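These notes are about the structure you will find just below.
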Ligand code: HEC
């Protein structure tokens with residue numbers, strides 16, 4: 001590899017990490033807004049519920065890659081589980097199966113907290129940051 005290409009690759013890696021983290025934060029805000037919206041919908045089978053679950057599935061899908069790159073196995077697993085729950089919710093909602101959509105919504109909502117406990121920390125000013133990836137076996 002030519003030196004100039006090598007330098008470009010290194011610089012590229014340095015600028016993409018913070019950009020990805022900013023994007024991740026924006027996705028988290030979308031997840032929080034989605035959960036808020038879904039919580040308000042009593043029977044999770046409306047077109048809005050379908051659309052919101054689909055959008056969440058897309059975010060979880062992106063998260064799988066984000067956490068794989070960081071070699072954070074528990075976070076990858078929570079992202080995979082969350083995606084599966086969101087997909088299952090979207091299809092149950094679309095089919096008008098309120099019980100199944102409600103169940104899937106519940107499992108989807110259990111993925112937030114364990115990940116935040118392991119990978120997120122609160123700064124003194126109340127904003128959030130990434131914790132260093134814990135040692136995983
Ligand atoms: C696989 C891990 C993971 C999952 C699952 C996850 N989060 Fe997060 N979340 C994080 C991390 C890490 C941060 C800290 C990043 C930051 O804000 O700097 C965060 C930050 C946030 C923030 C603060 C964003 C900011 O900086 O303003 C909100 C709000 C949030 N998450 C909501 C949710 C909700 C709601 C869910 C579930 C529907 C969820 N998250 C699922 C890892 C996750």
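Pairs under 6 Å by beta carbon, first residue surrounded by fewer than 15 Cβ atoms within 10 Å (Cβ to Cβ) in region 59-76, partner assigned to a helix (DSSP H, G or I), six or more apart or different chains?
Final answer for the pair search is 68/76.
Would you be able to say whether some residue in region 3-13 is part of a helix (DSSP H, G or I) and in contact with a strand residue (DSSP E or B) (Cβ under 8 Å, 6 or more places away or on another chain)?
No, the conditions are met nowhere in region 3-13.
Taking the criterion of being modelled with pLDDT of 95 or more and within 13 Å of the ligand (Cβ to nearest atom), would at least one residue in region 98-105 satisfy it?
yes
Residue 70 is checked against (1) closer than 22 Å to residue 135 by Cβ; (2) in contact with a helix residue (DSSP H, G or I) (Cβ under 8 Å, 6 or more places away or on another chain) and fails just one. What number does that condition carry?
Unmet for residue 70, out of (1) closer than 22 Å to residue 135 by Cβ; (2) in contact with a helix residue (DSSP H, G or I) (Cβ under 8 Å, 6 or more places away or on another chain): (2).
Got a number for residues in region 31-56 being touching a residue at least 40 places away in the same chain (Cβ under 8 Å) and farther than 17 Å from residue 99 by Cβ?
Here the count works out to 3.
Condition test on residue 86, is it touching a residue at least 40 places away in the same chain (Cβ under 8 Å) and within 16 Å of the ligand (Cβ to nearest atom)?
When the stated conditions are applied, residue 86 does not pass them.
Take the residues in region 105-137 that are free of Cβ contacts under 8 Å to residues at least 24 places away in the same chain and either on the phi > 0 side of the Ramachandran plot or assigned to a helix (DSSP H, G or I) (or both), then tell me which one is surrounded by the most Cβ atoms within 10 Å (Cβ to Cβ).
My answer is 116.
Does residue 93 count as within 11 Å of the ligand (Cβ to nearest atom), assigned to a helix (DSSP H, G or I) and surrounded by 15 or more Cβ atoms within 10 Å (Cβ to Cβ)?
Answer is no for this residue.
In region 31-63, what count of residues is obtained for those that are over 16 Å from residue 118 (Cα atoms) and under 9 Å from the mean Cα position of the chain (by Cα)?
8
What number goes with the only condition from (1) at pLDDT 95 or above; (2) more than 10 Å from the ligand (Cβ to nearest atom); (3) within 17 Å of the chain's Cα centre (by Cα) that residue 20 does not pass?
(1)
The values are calculated or read from the model by the stated rules, or taken from the named source; none is laboratory data. Model, not experiment: these values are computed from the prediction. Here the Cβ is made from the backbone with ideal geometry for all residues, glycine too, and neighbour counts use every protein chain on show.
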